[in-house]
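I have placed the structure first, in the form of structure tokens, so that the comments after it can refer back to it.
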Amino acid sequence: MLITLFWTFLKIGILSFGGGFAMIPAIQHEVELQGWLTPEQFSEAVAISGMAPGPLATNCAIYIGKMTMGLPGAAAAVLGMVLPSVVLIAAVARFFYAIRTHRTVKTVFYGLRPVVAALVVVAALRLGFTYFRAEWWTWKTGVSAAIFLLALLGLTRYRMHPLSVILLSALVGVAIYG
């Protein structure tokens, strides 16, 4: 049974793309095929896995493995699920480590840096514009803008740890909006 858990989740880890919710149908198919959980138990597994920190599919593998074979089942399932990604990342890292000093590779990465920064900024702007479109300018959006500017100042000027900024912003949000 442990080997079946391992091979099943290894197959899912190799053949599934998109992560998270994109992998759920493949996991559900295998769980039903093996008869490991009832549909209700599987729904519960997805719900609990979604609430737990970490990747949904990995959490699902751990939960299903634990439900079927206890702790050894959880270990077998999660090992099968993450092994393909770990091997792929290790191979890519080894390849890039070998060519990292090559002039062309360095110039490519220098060219990619501003693009990555632009992608982060665009994602932030889209999130912000969605919020501002919903309520345009109210006292709440003004406070949110002030929190944003203070967070930006704390991160850049005072080099505060991001976790500290997040926690302080959460406390300010509770104090003002709560």
Can you grab the distance from the C-alpha centre of the stretch 103-124 to the C-alpha centre of the stretch 1-52, Å, no decimals? 35
DSSP loop chymotrypsin sites (Phe, Trp or Tyr not before Pro) with at most 11 other Cβ within 10 Å excluded, longest remaining stretch of the chain: 18-135
Using the Karplus equation 6.51 cos²θ - 1.76 cosθ + 1.60 (θ = phi - 60°), what ³J(HN,Hα) coupling, rounded to whole Hz, does each residue of the stretch 154-162 give in order, writing x for Gly and Pro? x, 6, 8, 6, 9, 6, 5, 5, x
Under the 0.36 nm per residue contour assumption, what length would be gained going from the current alpha-carbon distance of A170 and A90 to full extension? 25.1 nm
Give me a comma-separated list of calculated 3J(HN,Hα) values for the stretch 25-39, in order, Karplus coefficients 6.51, -1.76, 1.60 applied at θ = phi - 60°, integers in Hz, x for any Gly or Pro. x, 5, 5, 4, 4, 5, 4, 5, 4, 7, x, 6, 9, 6, x
Amide H neighbours of M160 under 5 Å, counting only residues 5+ apart in sequence or on other chains, H built in-plane at 1.01 Å? L155
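Helix-only mean residue ellipticity at 222 nm, the chain, DSSP H runs n ≥ 4 weighted -39,500 (n - 2.57), per residue, nearest 500. What is it?
-29000 deg cm²/dmol
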Here the tail fraction of P(r) beyond 18 Å, over all Cα-Cα pairs of the stretch 2-99, rounds in percent to 42
How much length is gained on full extension from F109 to I14, taking 0.36 nm per residue of separation minus their Cα-Cα distance? 31.4 nm
How are the Cα pair distances of the stretch 107-177 distributed, in percent, across 5 Å bins from 0? 3, 13, 17, 21, 21, 13, 6, 4, 2, 0
Nearest 0.05, what FRET efficiency do L155 and L83 give at R0 = 41 Å with Cβ-Cβ as r? 0.65
Rg(Cα) of the stretch 28-164 divided by 2.2 N^0.38 Å? 1.57
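A short reminder: the numbers here are calculations on the coordinates, not readings from a lab. None of these values were measured; they are calculated from a predicted model. No Cβ is skipped: glycine too gets one built from the backbone with ideal geometry, and neighbour counts run over all protein chains shown.
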